[in-house]
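*Asks:* First the structure, which I've put down as structure tokens, then a few questions once you've had a look.
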Amino acid sequence: MQGDVEENLGAARQALSEMSVSGEVIQVKTPSAVSAVDAIIIPGGESTTIGRLSMAGDTLAALRERLNSGMPALGICAGLILLSSQVYDRRMGSTGQPLLGVLDVRLERNSFGRQRQSFETDIDMEPLGITGFRGVFIRAPSVTAVSPEVEVLASVDGRIVAVRRGGIVGTSFHPELSGNAALHRNLVDAARR
Ligand code: GLN
């Protein structure tokens, strides 16, 4: 709907080619596109905008149903916010925005400051076998609480920045901007399984 769409189409195609897996990467905007795919990336951008646009035409509801029945997903930054079950803003409190609620985590929006405070740092996600991954943080959220079924994959300065439940992975940072398709390969892997 909005955000880093082109970059994710590129990174997903890169992952398929690096794995020699044949597959098609398509942009998803409608419930029929939601039912056509084996896995989905919800990109970074503006979570309120992506959520609002996805409510129109019931794409959000169709997506929630697929995710609840086990479709793998990669939620990036705003995409992680959409996957979550509870979101707040340090100044405004609860944001009241539309959410998918398929990852039982609590998130703080813009947790690392404004656009100007964007930064990059190396991330290790041991449970995925991915280390030294360049994490690009742009007005990123952090995870402030997780339910027992959610696994923490990585933290930065004591703040949780990557989580997983089954085939659903969420990151505060932008893997499509790192030049490394490891997290996109992980999604292809989950789709194949
Ligand atoms: N700050 C944005 C939000 O809360 C997310 C930023 C991003 O996806 N890079 O929706």
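*Asks:* Could you tell me which of the residues ALA154, ALA145 is touching a helix residue (DSSP H, G or I) at 6+ places or on another chain (Cβ under 9 Å) and farther than 16 Å from ALA12 by Cα? Before you say what the answer is, go through the steps one by one.
*Replies:* Numbers: ALA145 fails: touching a helix residue (DSSP H, G or I) at 6+ places or on another chain (Cβ under 9 Å).
Selected residue: ALA154, the only one of ALA154, ALA145 that is touching a helix residue (DSSP H, G or I) at 6+ places or on another chain (Cβ under 9 Å) and farther than 16 Å from ALA12 by Cα.
*Asks:* Only residues that are within 16 Å of the ligand (Cβ to nearest atom), more than 14 Å from LEU83 (Cα to Cα) and assigned to a strand (DSSP E or B): list them for the stretch 136-159, please.
*Replies:* Those that are within 16 Å of the ligand (Cβ to nearest atom), more than 14 Å from LEU83 (Cα to Cα) and assigned to a strand (DSSP E or B): VAL136, PHE137, THR144, VAL156, ARG159.
*Asks:* Restricting the stretch 77-108 to residues that are more than 14 Å from the chain's Cα centre (by Cα) and closer than 18 Å to GLN2 by Cα, which is farthest from the ligand (Cβ to nearest atom)?
*Replies:* Among them, the one singled out is PRO98.
*Asks:* What do you reckon, is ARG185 in a helix (DSSP H, G or I) and more than 17 Å from the chain's Cα centre (by Cα)?
*Replies:* Details: in a helix (DSSP H, G or I): yes; more than 17 Å from the chain's Cα centre (by Cα): no.
Spelling it out, it is not the case that ARG185 is in a helix (DSSP H, G or I) and more than 17 Å from the chain's Cα centre (by Cα).
*Asks:* Something else: Considering only residues that are among the basic types (Lys, Arg), out of contact with any Pro (no Cβ under 9 Å at 6 or more places or on another chain) and assigned to a loop (DSSP other than H, G, I, E, B), which ones fall in the stretch 75-115?
*Replies:* ARG90, ARG91, ARG114
*Asks:* A further question on this structure: Give the number of residues within the stretch 16-26 that are of a type outside the set (Gly, Ala, Ser), surrounded by 13 or more Cβ atoms within 10 Å (Cβ to Cβ) and assigned to a loop (DSSP other than H, G, I, E, B).
*Replies:* Number satisfying all stated conditions: 2.
*Asks:* Counting only residues that are outside any helix (DSSP H, G or I) and within 16 Å of the ligand (Cβ to nearest atom), which one in the stretch 41-70 is surrounded by the most Cβ atoms within 10 Å (Cβ to Cβ)?
*Replies:* Taking the candidates together, the pick is GLY44.
*Asks:* Counting only residues that are over 12 Å from the mean Cα position of the chain (by Cα) and either buried (at least 21 other Cβ atoms within 10 Å of the Cβ) or among the small types (Gly, Ala, Ser) (or both), how many does the stretch 161-182 have?
*Replies:* Matching residues across the stretch 161-182 total 5.
*Asks:* Let me ask you something else. Tell me, yes or no, whether the stretch 2-18 has at least one residue that is closer than 17 Å to ARG109 by Cβ, β-branched (Val, Ile, Thr) and within 15 Å of the ligand (Cβ to nearest atom).
*Replies:* no
*Asks:* How do the pairs read when you match residues in the stretch 23-45 that are modelled with pLDDT of 95 or more with residues anywhere that are among the polar types (S, T, N, Q) and assigned to a loop (DSSP other than H, G, I, E, B), using Cβ under 9 Å and keeping only pairs 6 or more apart or on different chains?
*Replies:* Final answer for the pair search is ALA33/GLN27; PRO43/GLN2; GLY45/GLN2.
*Asks:* Among (1) surrounded by 19 or more Cβ atoms within 10 Å (Cβ to Cβ); (2) of a type in the set (Ser, Thr, Tyr); (3) at pLDDT below 95, which single condition is SER118 missing?
*Replies:* (1)
*Asks:* Now for a separate question. Just checking, which of PHE133, PHE112 is more than 15 Å from the chain's Cα centre (by Cα), of a type outside the set (A, V, I, L, M), surrounded by 14 or more Cβ atoms within 10 Å (Cβ to Cβ) and within 16 Å of the ligand (Cβ to nearest atom)?
*Replies:* Among PHE133, PHE112, only PHE112 is more than 15 Å from the chain's Cα centre (by Cα), of a type outside the set (A, V, I, L, M), surrounded by 14 or more Cβ atoms within 10 Å (Cβ to Cβ) and within 16 Å of the ligand (Cβ to nearest atom).
The values are calculated or read from the model by the stated rules, or taken from the named source; none is laboratory data. Everything quoted here is computed from the prediction, not taken from an experiment. Backbone-built Cβ (ideal geometry, glycine too); neighbour counts: all protein chains shown.
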